[in-house]
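Just below is one structure, and these are the notes that go with it.
The values are calculated or read from the model by the stated rules, or taken from the named source; none is laboratory data. What you see is a predicted model, and the numbers here were worked out from it, not measured in a lab. With ideal geometry, Cβ positions are generated from the backbone for all residues, glycine too; neighbour counts draw on all protein chains shown. Side chains are part of the model used for accessible areas, which takes the heavy atoms of the whole protein and leaves out ligands, DNA and RNA. Shrake-Rupley method; radii C 1.70, N 1.55, O 1.52, S 1.80 Å.
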Amino acid sequence: MAVDANVIIFERIKEELRAGKGLALAIKDGFSNAYSAIIDGNLTTIITGVVLFYFGTGPVKGFATTLVLGIITSLFCAIFITRLLIETRVERKGELKFSTKMTENFLQNVKFSFISKRKYSYVVSGALIVASFISLFTIGLNQGVEFTGGRSYVVKFNETVNVEDVRASLEQTFESVADAANSSIEVKQFGADNQIRVVTQYQPEGLEGEEANDAVDRLLFQALDDYFTIEDFGFNEFRTAGDGIAQWGIASSEQVSESISSEMTVNSFIACLIALVAIGIYIAIRFRRWQWALGATAALVHNAILVIGIFSMLYAVMPFNLEVNQAFIAAILTIIGYSINDTVVIFDRIREYLGLYPKRDIKTNIDNAVCATLSRTINTSGTTLVTLLAIFIFGGETIRGFVFALILGVIIGTYSSVFIATPIAYDLQRKKAIKEAKNFGEVAVLASSEDRNFTYIPKNVEIPTDLDYLHITTNNTIYGTKFPSSPDTGDIPLVADMSSCIISEPVDVSKFGVIYAGAQKNMAPAGLTVVIVREDLLGSPLPEIPTMLDYAIMAENDSMYNTPPCYAIYVAGLVYKWILGLGGLEAMKIHNEKKAAILYDFLDNSKMFKGTVRKEDRSLMNVPFVTGNEELDAKFVKEAKEAGFENLKGHRS
């Protein structure tokens, strides 16, 4: 996690260098552009660390402290120390390489539509989640004594032992004691083949404290005494860990009462819930859209469920201990922190692309942003996995289950950031008009050009006869498409949004049931909406429609049911008079066709720029164009703005 900030910085510097900037400027801009992703990612991880510290106990609380302090120090080092070292090196040597020949173009110019494949990832994740729940309800979890209550022992023998033989001896001995006969005994090899772990919920009746501990320890020694082939090895040596003969026997033990275990279970659920809610709130505030927060939180829940489910499915077959204990809860919260860090980096790039390329549809911006961050994602996940694998192999048996959970979390978290969190956020915020229409009735999408980034108008669309109305947007401001002609809807009212093309050319109003247009694009300042309604459609509004939006009432009151936007109406009147003076809408059409032809002729013959819309569907009012290279597009927009062309990059409503 500490290396992630440096990876983000280096990747941003490499991007600036590829854009043609000098080394010093690339370093400066690389750090500046990396700050938001680094700070957001680390703060969300700190949130999980704080929650873990508050609800954890013992070593877990120490781990949380180390985690938070480590994040803060690594953040400081990445932002200040790394920059100081890099700038000092550049000042002295004049050059610094941020890649080798092998890695220079690693995952550059990747073109893959992650959003288009989201249904496959939904199916895969859905199947894994179902399998996890089935396993949890049928097999369950290997819960540690922290959650079940009882005692756990790690026993070390002086010779290799057979786990099944040891289990049989323990069961036979415990069954001989009346109040222990119904207590569960769990025996597993723990690390080396001469070491086992014993877990029992047995609580001697009528005994507490040291007396109870002594009774269980003696019962354990009674069952295992025959497996020690050492002279003068008695109960005291078995119970005391130390050197010499005392190195055999109980290596470690842990005891948790039933009331404490119940409290730990509740606290674990609360800790995970608080971490998820806190992160969701932070994302919603930081990115100013609840859709991003819900997408990120859903992915975190997805990650936690899969890790817990895999532990359930594998604990009986893995050669190492997969116990669900306090360390496992620490691992889950750490996974949440790591996963959200990865997700935030992707979301931050999406937010950047939405600002740089507002005329592109959100799907294209998201796909390009994910592709742009792939190298960082792979580099960070790769370095993290290398570290975890080293700890998994050489770190010892006691932390192997904990590290295994982290390894699963890194793999699943990396997958979910790309294939779950981002697609969910996309699905939640696309098609705003359709979403709003669903508040008033059933919506059917008859045609869409989303498959080609909305670069054409669908043809030969079959219109069902049972529709209440058909809605179209005659001219699309963002994508630059225009309906060449109005669809024939027969007796079905045709409703059209003409906000971006009204009064640009003649319109046969008789073909429409309703025409509406915001005045701010072509007619007047914002605040005025022009609505043309067929008289037979007036009246009988839905009960939830406010009086102010009842067109019958507005018509009866000559559009002055309330105080109207006088200045906007006045300006609109001046515009109408000016158009009449030019020769009316026929003259406006000729004027707009000539204007658009100048731009389209240039684009069709340019070696650098190109239009994005199919020729027969091109708008007269909005002419989107690109170079075909994202870095060059960004450079063009930036230099155009410096030259005084403020809105060439377009806008998104």
- Message: Looking at Ser339, Ser375 in this structure, which one is open to solvent by less than 10 Å² (accessible area, probe 1.4 Å), of a type in the set (Gly, Ala, Ser) and within 25 Å of Leu128 (Cα to Cα)?
- Response: Ser339
- Check Asn158, Asn162 and return the single one that is surrounded by fewer than 17 Cβ atoms within 10 Å (Cβ to Cβ), at pLDDT below 85 and more than 46 Å from the chain's Cα centre (by Cα). Asn158
- Message: All but one of (1) within 12 Å of the chain's Cα centre (by Cα); (2) modelled with pLDDT of 80 or more hold for Asn341; state the number of the condition that does not hold.
- Response: (2)
- Return a yes/no flag: does region 596-603 have any residue that is on the phi < 0 side of the Ramachandran plot, β-branched (Val, Ile, Thr) and without any contact (Cβ under 8 Å) to a residue 12 or more places away in the chain. yes
- Message: Could you list, ordered by first residue, the pairs with Cβ atoms under 9 Å in which the first is in region 152-166 and closer than 11 Å to Gln189 by Cα and part of a loop (DSSP other than H, G, I, E, B) and the second is among the hydrophobic types (A, V, I, L, M, F, W, C) and open to solvent by 20 Å² or more (accessible area, probe 1.4 Å), at least 6 apart or interchain?
- Response: Thr160/Ala192
- Item | Qualifying residues in region 28-45 (those that are hydrophobic (A, V, I, L, M, F, W, C) and in contact (Cβ under 8 Å) with a residue 40 or more places away in the chain) - the one nearest to Val3 (Cα to Cα) | Ile38
- How about region 577-627: which of its residues are more than 23 Å from Tyr456 (Cβ to Cβ) and not in a helix (DSSP H, G or I)? Gly583, Lys607, Met608
- Task: Output yes when any residue across region 469-481 is within 27 Å of the chain's Cα centre (by Cα), over 19 Å from Phe512 (Cα atoms) and not in a loop (DSSP other than H, G, I, E, B), and no when none is.
- Result: no
- Query: Between residues in region 543-560 that are open to solvent by less than 60 Å² (accessible area, probe 1.4 Å) and residues that are assigned to a loop (DSSP other than H, G, I, E, B) and aromatic (Phe, Trp, Tyr), which pairs lie under 6 Å by C-beta distance while being six or more apart or on different chains?
  - Reply: Ile553/Tyr561; Met554/Tyr561
- Message: If I ask for residues that are of a type in the set (Gly, Ala, Ser), part of a helix (DSSP H, G or I) and open to solvent by 10 Å² or more (accessible area, probe 1.4 Å), which ones from region 302-336 would you list?
- Response: Ala304, Ala327
- State which residue pairs qualify: first residue in a helix (DSSP H, G or I) and inside region 1-26, second residue basic (Lys, Arg) and open to solvent by less than 40 Å² (accessible area, probe 1.4 Å) in any location, beta carbons under 7 Å apart, and separation of 6 or more residues or different chains. Val7/Arg376; Ile8/Arg376; Glu11/Arg376
- Query: How many of the residues in region 507-522 are surrounded by 14 or more Cβ atoms within 10 Å (Cβ to Cβ), more than 18 Å from Met554 (Cβ to Cβ) and at pLDDT 90 or above?
  - Reply: 2
- Message: Being at pLDDT below 90 and over 32 Å from the mean Cα position of the chain (by Cα) narrows it down to one residue among Ala643, Ala597; which is it?
- Response: Ala643
- Just name the residue that is modelled with the highest pLDDT out of those in region 412-428 that are crowded, with 16+ Cβ neighbours inside 10 Å and over 12 Å from Ala299 (Cβ atoms). Tyr426
- Within region 611-624, can you find the residues that are open to solvent by 70 Å² or more (accessible area, probe 1.4 Å) and touching a helix residue (DSSP H, G or I) at 6+ places or on another chain (Cβ under 9 Å)? Arg614, Lys615
- Query: Within region 590-616, can you find the residues that are in contact with a Gly (Cβ under 9 Å, 6 or more places away or on another chain) and acidic (Asp, Glu)?
  - Reply: Asp604
- Message: Given the options Ser486, Ser500, name the one that is assigned to a loop (DSSP other than H, G, I, E, B), polar (S, T, N, Q) and closer than 24 Å to Met554 by Cα.
- Response: Ser500
- Give the residues of region 562-581 that are surrounded by 12 or more Cβ atoms within 10 Å (Cβ to Cβ) and within 47 Å of the chain's Cα centre (by Cα), sorted by residue number. Pro564, Pro565, Tyr567, Ala568, Ile569, Val571, Ala572
- Message: From the list Thr82, Thr65, Thr48, exactly one residue is crowded, with 19+ Cβ neighbours inside 10 Å and out of contact with any Cys (no Cβ under 9 Å at 6 or more places or on another chain). Which is it?
- Response: Thr48
- Item | Residue in region 203-222 that is most open to solvent (accessible area, probe 1.4 Å), counting only those that are farther than 13 Å from Glu254 by Cα and in contact (Cβ under 8 Å) with a residue 12 or more places away in the chain | Glu205
